[in-house]
Amino acid sequence: MRNRASLLILTAIVTAGLVIATAANVPQTPPAAGSDADWREVNDAWEAGHYPDALQKLQALLKSPSAPQYLERAALLTGELFTTTEITTDGRNPAISADGTFVSYETGQAASLKTAIVSIAGAPKTVATLDGGGVVFARQGARYARLRPSDNQIVVADLASGSTAERPIATGNLLKTDLQWIDGGLVFVGSEPADVATAQIYRVAEGGAPEALTKEPGSKAGAIVDPAARALVYQTVAQPRFAAPGADPAGGRGRGGAPGGAGGGRGGRGGNTYTLVNVAAGTTRAIGGTAMTMSADGSSVAWVVRDGDTYTLKRAGSLDGAETVVRTGAARIDAPSLSADGSQLAYQLMTDTDWEIYITDRAGAHRRLTRDIQHDVLPRFIGPDRLIGLMGEPRHRRSQIYDLASGSRTRLFANNTVRTISPEYIWVPSADGRRIVIQADRDGDTVSTERGVSVVDLAQKVTVADVLARVQRQLAVENELRARVTKNFAPIADRVRQVVGKARINRVYDYEKALFDFDSKHVSQPGNAKAVAYLEQAYRSFGYEPVLQSFSPPQAQGNQTANVVATLRGTENPELIYVVSSHFDSVAVGPGADDDTSGTAALLEAARILAATPQPATIVFASFTGEEAGLLGSREFVRRAAADKWNVVGALNNDMIGWGSEGARIDNTIRYSNPGIKDLQHGAAFLFTDLITYDAKYYRGTDAAAFYEAWGDIVGGIGSYPVLANPNYHQPTDLIETMNFKQITETAKVTAATLMYLASSPSRVKGLEATVSGSGVSVKWTASPERGVQQYIVAYGPETDPLRTRVTVAVPQATLPSLPAGTQIAVKAVNARGLEGWDWARTVIR
């Protein structure tokens, strides 16, 4: 899987030193005596992926007199423990007022950028919609400030008064950005229009004039200011923060920095130069390092220094204290966070291959807080004995609350669905510690720009009735999925079982071991050519006639690399093509046992067990090269296929499927653009294998992207994203001994079963149109290209129930009654085997 900058990066914006409400204490209530046996049955069924059984048992427990003793465990198994309210399904850059009564979020881009301010004191209610972005809330109460985009002036409003009337603060003609609150006023980075090469940090209060807190030359960024503006830290940057007069301003809409120690970043390599300023004394000192942070009271700063292979965590008094070494050594250190009074310092430290969270006090005593296989990162104090942190790989992290006194941890947020999972991007707590705002993909759609914004109330836990309703919803959805997909597979279920029954775990191990022994298979390394030769021989041993798609990217050793392609020609519709692929190359620094030798091993086993069972449509098995060098092989494959006018109607791509060391479950994630293929893969998993499957709408940054770009919404497949807990991702330690070969084998079986349905059923119909007339709605579409199609299902209904009404026709057209605008219309074909098309073609009446 290619690690691209465009992939979503989770940013934690948290104010240090917050006081969490007493009711939000997180240690879980010990189960009552006699409850363990019943709970174990629920948990065992859940962990085995037997969700209907688990949910039915859970429903019974929550309806019993003993329901209260199961509440917390049931809530955390199925979703959130704390009351969570979704504010919007389309927002970003959330913020929350200090008293936890108002939330802001941004929507739109550039000139259309808007900020909504929502009251959350009761039911969420939007109280203001503002042009532009960059709203920052005060450190106390419910005031906000922003840079008004029409004139780049600072304006403030007091929401507690019930009014959103904005008052300007005079700052002359200064250009401004990076607005943030301090006690009694605001600070910002500003430049005189005549000298944009110099930017200073200014303090201003209502009724006063701006005062420069710095005087050093250069342009300043990343300011951290203590509440009383006695001390501040900044970096000097080469690029001016503002455009020269007459050009579009580069600044003016910057989001205020998080006060009181929201610093922290990737401190692994390189370094920065910070300037620490004693404002009253007018003195400065330079500090080299990364991940600078400040305690909420402004008394202390901390940062990380790297010197060769040695990492050192340092701290100092922000005004005149000497530097102190907290710890030093070869282990990587990052993301320091000071408690409000600076007495404790939390940070993440790399132990072996994964991050763990540690805490060190002023006396230098170290305490390890976490012991997980997954990464534990970005700790932030939200009280003297509370931390919030994140667990997982950057593209799938879950927020956790740590009680330092008891050592307990409670997950904060989830998606409230059995199958769909997706990342959290930002969490921001209120200053009183009661509420936390989270930006996340609750619907699992990581492709669209829409993001959900939710508020978690740490002082209010869900009730038995809440969790029971949640369980009933989940059970209904899971039962519907299972019933529908079981019916779909029924005509070919016996043949599928025969094919997947041929899969052998020892074969999968042999493929993996052979490829692993070539070490790095990056296009620049000798192992790439060895892998090409091995794959060609492997496909040939299964009875295929593989083709090498050779090409010459500049970084390839010997100026050549190749995809390896094998074809299982269709028996009835050979012109219709389904492609299943994985990349066999790895990063240059390691053998890539998981990324993506695991996907390649599963692809080979799927090709082997299908070799003697041709399907009605053609299946192409494609082993791609050069994914880690820029998706080179998949783009070359698609370029050739498009030039040769291949009729590719569906595609599966598997990438990173072997890691399973964080638990006993055999599980993986369906990464898809097409919801029909997604549901088929879930069905293939629970009907024919032991694999437990999740799903996330995701294809960017992978080999699936080229198929989407060329043929649209036809993509499915399996990969570790967003269940990507493998700490060895893109590391030399991505080794064969970390692989779960049963998991790889079960994934190969899901792939083969999915391919059999796709290639045996009608593809999605094309050319669907709906025309409204006085007599009703005329619907027509292009006849299915598959031989043996006998009828079409036409479904229609409102957006909330789009398949409510169904009719069947024998020809590619239908006349429906008069229907209101917004009605959804969907069509799929059914063939002589009784197999329905794997996805609906859809349109909407306008």
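The values are calculated or read from the model by the stated rules, or taken from the named source; none is laboratory data. In this text, all values refer to a predicted model and were calculated from it rather than measured experimentally. In this analysis, Cβ positions are derived from the backbone assuming ideal geometry, glycine residues included, and neighbour counts consider all displayed protein chains. For accessibility, only protein heavy atoms count, side chains too; no ligands or nucleic acids. Shrake-Rupley method; radii C 1.70, N 1.55, O 1.52, S 1.80 Å.
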inquiry  = What percentages make up the Cα-Cα pair-distance distribution of the stretch 458-595 when the bins are 10 Å wide from 0?
reply    = 9, 24, 23, 18, 16, 9, 1
ask   = Can you give the angle from 0 to 90° between the axis of helix 505-516 and the longest principal axis of the chain, with both taken from C-alpha atoms, to the nearest 10?
value = 60
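With the Cα gyration tensor of the stretch 539-691 giving a ≥ b ≥ c as the square roots of its eigenvalues, does the rule (a/c under 1.5 for rounded; else a/b larger than b/c for prolate; else oblate) give rounded, prolate or oblate?
Numbers: a/c = 1.67, a/b = 1.06, b/c = 1.57.
Judged from the Cα gyration tensor, the stretch 539-691 comes out oblate (a/c at least 1.5, b/c at or above a/b).
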note = Two pseudo-spin positions, 7 Å from Cα along C-beta at residue 800 and at residue 571, lie apart in nanometres by 4.7
message = Per 0.36 nm of contour for each residue apart, how much would the distance between residue 310 and residue 362 grow if the chain were fully extended, relative to their Cα-Cα spacing?
response = 16.5 nm
request  = May I ask you to list the trypsin sites (Lys or Arg not before Pro) in the stretch 309-400 that are in a DSSP loop and have at most 16 other Cβ atoms within 10 Å of their Cβ?
outcome  = 362, 371
key: Between 0 and 90°, nearest 10: helix 632-643 axis offset from the chain longest Cα axis   = 50
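Can you give the relative contact order of the stretch 24-150 as a percent, counting alpha carbon pairs under 8 Å and 6+ residues apart?
Working: 161 pairs, mean separation 18.1, N = 127.
Relative CO of the stretch 24-150 lands at 14 percent.
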task = At a Cα cut-off below 25 Å, give the lysines reachable from residue 461, other chains included and same-chain residues fewer than 8 away excluded.
result = 57, 63, 125
ask   = Zone of residue 775 (label point 7 Å along Cα→Cβ, backbone N under 14 Å): which residues in the stretch 796-828?
value = 814-818
query = Against the longest principal axis of the chain, how steep is helix 526-541, in degrees 0 to 90 to the nearest 10, with axes from Cα atoms?
reply = 30
Residue 560 versus residue 815: modelled label distance in nm, points set 7 Å from Cα along the beta carbon direction = 6.4
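Pulled fully out, how much extra length does the chain show between residue 140 and residue 493, if you take 0.36 nm times their separation in residues and subtract their Cα-Cα distance?
On the way: separation 353, 0.36 × 353 = 127.08 nm, distance 6.32 nm.
Stretched out fully, the residue 140 to residue 493 stretch lengthens by 120.8 nm.
Tell me the net charge near residue 333. Cut-off is 9 Å between Cβ atoms, residue 333 excluded, with +1 for each Lys or Arg and -1 for each Asp or Glu. If you can, show how the numbers build up before the last one.
On the way: positive: 306, 327, 332; negative: 334.
Result for the neighbourhood of residue 333: +2.
Which of rounded, prolate or oblate describes the chain when judged by the alpha-carbon gyration tensor and an a/c cut-off of 1.5?
Details: a/c = 1.70, a/b = 1.53, b/c = 1.11.
Prolate shape, in that a/c is at least 1.5 and a/b is the bigger ratio.
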query = Once the whole set of protein chains is in place, how much accessible area is left on residue 50, using a 1.4 Å probe, in Å² to the nearest 10?
reply = 110
query = Past the 20 Å Cα-Cα mark, which pairs from 176/215; 487/742; 513/742; 114/697; 766/828; 645/678?
reply = 487/742; 114/697; 645/678
ask   = What whole number of Å gives the distance from the Cα centroid of the stretch 534-607 to the Cα centroid of the stretch 58-91?
value = 45
query = Alpha carbon centre of the stretch 452-525 versus the stretch 613-661: separation in Å?
reply = 21
query = If the cut-off is 18 Å between C-alpha atoms, which aspartates and glutamates fall inside it for residue 749, apart from same-chain ones fewer than 8 positions away?
reply = 494, 510, 512, 594, 596, 605, 655, 667, 679, 690, 695
Length-normalised contact order for the chain - Cα pairs under 8 Å, 6+ apart - percent = 11
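Between residue 833 and residue 129, 0.36 nm times their residue separation minus their Cα-Cα distance comes to what?
On the way: separation 704, 0.36 × 704 = 253.44 nm, distance 5.55 nm.
Here the answer is 247.9 nm.
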ask   = With every protein chain left in place, what is the accessible area of residue 411 in Å² (1.4 Å probe, nearest 10)?
value = 60
note = Rounded to the nearest 500, the 222 nm mean residue ellipticity computed for the chain from DSSP H runs (n ≥ 4, each -39500 (n - 2.57)) alone is -6500 deg cm²/dmol
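Set the Förster radius R0 to 25 Å, insert the Cβ-Cβ distance between residue 477 and residue 662 as r into 1/(1 + (r/R0)^6), and round the FRET efficiency to 0.05.
Values: r = 26 Å, r/R0 = 1.04.
Computed FRET efficiency for residue 477 and residue 662: 0.45.
Run the dipole for the chain about the Cα centre, Lys and Arg Cβ at +1, Asp and Glu Cβ at -1, nothing else charged, and hand back the magnitude in debye, nearest 20.
Here the chain has a charge dipole of around 1040 debye.
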task = Sort the stretch 162-233 into rounded, prolate or oblate with this rule: let a ≥ b ≥ c be the square roots of the eigenvalues of the Cα gyration tensor; rounded if a/c is under 1.5, and if a/c is not under 1.5, prolate when a/b is larger than b/c, oblate otherwise.
result = oblate
